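All remarks here apply to the structure that follows.
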Amino acid sequence: MKKNLFQFLLLISAAALFLSCQKEEEEEHYDVSRFFSEYLKIICDNAASCEAGFVTAENRINCPDIIMYHPFPFPAFKREEKVIFKQKFEMLRSDEEVGWIEVNNKKVKECFDALEEVAQCDPMETSLFEIVACVNVFEGTKSIRQDCGQDEECFYGWCDTRGGRCPGSCVEYKEPGQSCNVTLDRCVPGYTCRTNGCSESSIGVAGDPCLSDIDCSPSLYCRKSSESDATGRCFWRKSHGEPCIDVNECMIGLDCINNLCSKERISDVSGGKCGKIEDDDGNEVMYSCNVYNKLECGPQNTCQAFPQQGQPCASICDKGMYCDEGSGTCQFQRAVGRSCTSNTQCMTFYCHNEVCGIPECMDVYD
């Protein structure tokens with residue numbers, strides 16, 4: 001009797017352990033949607049911890065949607081490439097559905113760990129694929145020389161769409177130490193094409209040599225001793241109230257005003273001034289509204305809450321709507337397959353041949 005009871009308890013324990021492991025495996029599985037849901041949470045939480053930032057404990061809840069549904073292009077993935085975030089998201093999700101990309105669960109953890117080192121006061125300044133640990137989160141299944149629409153589709157390579165070609169073609173990365181052409185080739189992630197071939201990229205930590213700000217991580221800037229110096233060193237950007245000479249010395253989003261890093265030209269409340277306004281000396285200066293407070297610059301150069309359906313708008317509406325140029329009011333966005341005349345009219349933020357769709361190649365804006 002005791003032996004049977006022991007075997008029964010052992011069987012129950014084994015079953016519980018199996019179900020626990022199975023549940024853990026399921027919880028660790030990422031698809032494109034889950035990755036971006038957690039990615040946006042992390043960069044928004046990081047920004048909310050920034051003392052002089054624009055994301056706060058109060059408006060933190062708005063942050064993920066502000067980024068996902070932002071109607072204007074910004075460098076969300078690579079510093080020198082401005083894209084509409086929702087376009088890129090929809091294209092990655094579409095590629096996943098047809099099996100052209102897969103999410104590497106191990107790389108997801110490495111990426112999320114690395115994000116803690118590049119926290120931005122404005123999360124829209126985070127360029128995902130500038131973080132080496134995040135480059136291979138999405139693994140492509142297409143072979144070299146196959147047609148492609150974006151880099152992530154290519155296995156151990158990148159998608160060459162230069163000259164506006166769509167589709168482009170998968171091109172193999174150049175290996176470390178291999179000779180390369182700066183304008184034609186790309187090196188494996190973590191390496192940069194230089195005159196001596198593919199060399200290890202500097203992550204631009206404080207004290208590293210630099211030629212310009214782009215050689216430093218986003219939290220740093222390149223400071224030279226004099227204008228005649230060819231090289232400088234990476235230094236931490238300064239927060240609100242710290243001394244500055246130029247705006248690039250300040251945390252991204254702050255201005256250098258009267259030689260102090262300041263956020264005084266960003267309005268946090270409805271009714272604050274925005275747009276180009278003359279200061280006391282007659283100089284035109286730019287004021288803006290805190291988008292994370294769901295504010296846009298209205299027609300009277302004052303900040304106003306994101307308008308709702310049918311309400312007058314200047315450029316941005318609340319989630320799921322667009323600012324219609326004809327009526328000057330907010331209207332609901334349209335589903336894939338519906339007619340359109342502009343990207344913002346579509347839920348995917350992509351209008352092609354007057355029909356809402358999903359982009360076949362990634363659009364990069366000036």
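Every number in this text was worked out from the coordinates using simple rules, so none of it is lab data. Fair warning: this is a prediction, and the values are worked out from it, not measured in the lab. Because the Cβ atoms are built from the backbone with ideal geometry, glycine has one as well, and the counts that use them run over all protein chains shown.
The table below lists the values:
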item: Relative contact order %, the stretch 39-100, counting alpha carbon pairs below 8 Å whose residues are six or more apart; result: 19 percent
item: Taking all pairs of distinct alpha-carbon atoms in the stretch 306-360, Kirkwood radius in angstrom; result: 10.9 Å
item: Among [x] 1.06; [y] 1.16; [z] 1.27, the entry that matches Cα Rg over 2.2 N^0.38 Å as calculated here; result: [y]
item: Nearest-ten-degree value, helix 85-97 long axis tilted from longest Cα axis of the chain; result: 20 degrees
item: Net dipole in debye of the stretch 204-294 [+1 Lys, Arg Cβ; -1 Asp, Glu Cβ; about Cα centre; nearest 20]; result: 400 debye
item: Coil-residue GluC sites (Glu not before Pro) of the stretch 50-140, DSSP, other Cβ within 10 Å capped at 12; result: Glu51, Glu58, Glu80
item: Long-range HN-HN contacts of Arg79 with modeled amide H, under 5 Å; result: none
item: Ascending count of other beta-carbon atoms within 10 Å, so fewest first, for His29, His352, His240; result: His29, His352, His240
item: The stretch 32-141: radius of gyration over Cα atoms, expressed as a fraction of 2.2 N^0.38 Å; result: 1.04
item: Normalised contact order of the stretch 202-263, rounded percent, pairs of Cα under 8 Å and 6 or more residues apart; result: 25 percent
item: Residues whose placed amide H lies under 5 Å from that of Leu260, excluding near-sequence neighbours; result: Cys244
item: Taking Val98, Val355, Val83, Val188 and counting other C-beta atoms within 10 Å, the order from fewest to most; result: Val98, Val355, Val188, Val83
item: Distant-in-sequence amide H partners of Asp318 (H built 1.01 Å from N, under 5 Å); result: none
item: Shape of the stretch 92-219, Cα gyration tensor, a/c cut at 1.5; result: oblate
item: Percent RCO, i.e. relative contact order, over the stretch 306-360, from Cα pairs under 8 Å lying at least 6 residues apart; result: 24 percent
